[in-house]
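Taking it in order: structure first as structure tokens, then the write-up.
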Amino acid sequence: MKCSIRLWRPEDAADLAAALNNRNILANLRDGLPYPYTKSDAESYIGAMLSAPAENQYSFAITVEDKAVGSIGVFRKENIHFRTAEMGYYIAEPYWGNGITTHAVRQICGYVFENSDILRIFAEPFARNTASCRVLEKAGFSLEGTLRKTRSKTVTFWI
Ligand SMILES: CC(C)(COP(=O)(O)OP(=O)(O)OC[C@H]1O[C@@H](n2cnc3c(N)ncnc32)[C@H](O)[C@@H]1OP(=O)(O)O)[C@@H](O)C(=O)NCCC(=O)NCCS
């Protein structure tokens, strides 16, 4: 399976919507994403990423055979944290468990450290999100701690 990351293209909208229109994914992300997640939502996101200041965000499609199957981004923080950036990612459920996200995390971190002044990239998965924690571990991240009582997810999905 040939996976990679590349810049978003407007024509990825249908694939992005198909991937993200899934409660098993949304349950592990922050609040604010619509459900159902439509092609129009995906078009807005891709447009925003393509027009955002290049030095503040590094946003890519995760691809398999050049088809967008997920999303990964590194977003610069502000003020005294301007050389720190937060990473987020997800891939479509049919592609889980093939090492694709671990590969994408390695790729984006290599790209950002080589092409920016960012010194630190972090991620904050929910503690229950074993797969995401494992991705970070495999990609070489260090566990610095478990934040307690730090967030309240108001949109909860269950099956
Ligand atoms: C988290 C997510 C991105 C992982 O993507 P992926 O491409 O399947 O990840 P990888 O295949 O690179 O690695 C997953 C690892 O987690 C492990 N894993 C998956 N589910 C697990 C579970 N319930 N318990 C223990 N380990 C688990 C896999 O076995 C694999 O580890 P291994 O290679 O040692 O066997 C994907 O599941 C996803 O999109 N989830 C929903 C959105 C999300 O959680 N995003 C991250 C928010 S911080």
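For (1) within 19 Å of Asn28 (Cα to Cα); (2) of a type in the set (Ser, Thr, Tyr); (3) away from the ligand (no atom under 13 Å from the Cβ), each residue gets a yes or a no:
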residue: Ala68; (1), (2), (3): no, no, yes
residue: Phe82; (1), (2), (3): no, no, yes
residue: Tyr111; (1), (2), (3): no, yes, yes
residue: Arg120; (1), (2), (3): no, no, yes
residue: Ala127; (1), (2), (3): yes, no, no
residue: Arg134; (1), (2), (3): yes, no, no
residue: Ser142; (1), (2), (3): no, yes, yes
residue: Gly145; (1), (2), (3): yes, no, yes
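For segment 71-83, which positions are over 16 Å from Asn98 (Cβ atoms), among the β-branched types (Val, Ile, Thr) and in a strand (DSSP E or B)? Break it down into steps so the answer makes sense when it comes.
Here is the first cut: in segment 71-83, the ones over 16 Å from Asn98 (Cβ atoms) are 71, 73-83.
Now restrict to residues that are among the β-branched types (Val, Ile, Thr): 74, 80.
Result: Val74, single match.
Just for segment 30-42: of the residues that are under 27 Å from Val112 (Cα atoms) and crowded, with 17+ Cβ neighbours inside 10 Å, which one is farthest from the chain's Cα centre (by Cα)? Don't jump to the end; show me each part of the working.
So in segment 30-42, the residues under 27 Å from Val112 (Cα atoms) come out as 30-33, 41-42.
Next cut, crowded, with 17+ Cβ neighbours inside 10 Å only: 41-42.
Details: Asp41: 16, Ala42: 14 Å.
That would be Asp41.
Residue-by-condition table, conditions (1) on the phi < 0 side of the Ramachandran plot; (2) assigned to a loop (DSSP other than H, G, I, E, B); (3) not charged (D, E, K, R):
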| position | (1), (2), (3) |
| --- | --- |
| Asn28 | yes, yes, yes |
| Gly32 | no, yes, yes |
| Ser40 | yes, no, yes |
| Glu43 | yes, no, no |
| Met49 | yes, no, yes |
| Pro53 | yes, yes, yes |
| Ser59 | yes, no, yes |
| Val69 | yes, no, yes |
Failed item in (1) surrounded by 14 or more Cβ atoms within 10 Å (Cβ to Cβ); (2) modelled with pLDDT of 95 or more; (3) closer than 18 Å to Ala92 by Cα, with Ala14 passing the rest: (1)
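Tell me the residue from Ala27, Ala52 that is without any contact (Cβ under 8 Å) to a residue 12 or more places away in the chain and either surrounded by 14 or more Cβ atoms within 10 Å (Cβ to Cβ) or within 14 Å of Ala131 (Cα to Cα) (or both), please.
Checking each option against the conditions leaves just Ala52.
The values are calculated or read from the model by the stated rules, or taken from the named source; none is laboratory data. If you're wondering where the values come from, they're calculated on a predicted model, not measured in any experiment. Neighbour counts are summed over all protein chains in view; Cβ atoms, including those assigned to glycine, are modelled from backbone coordinates with ideal geometry.
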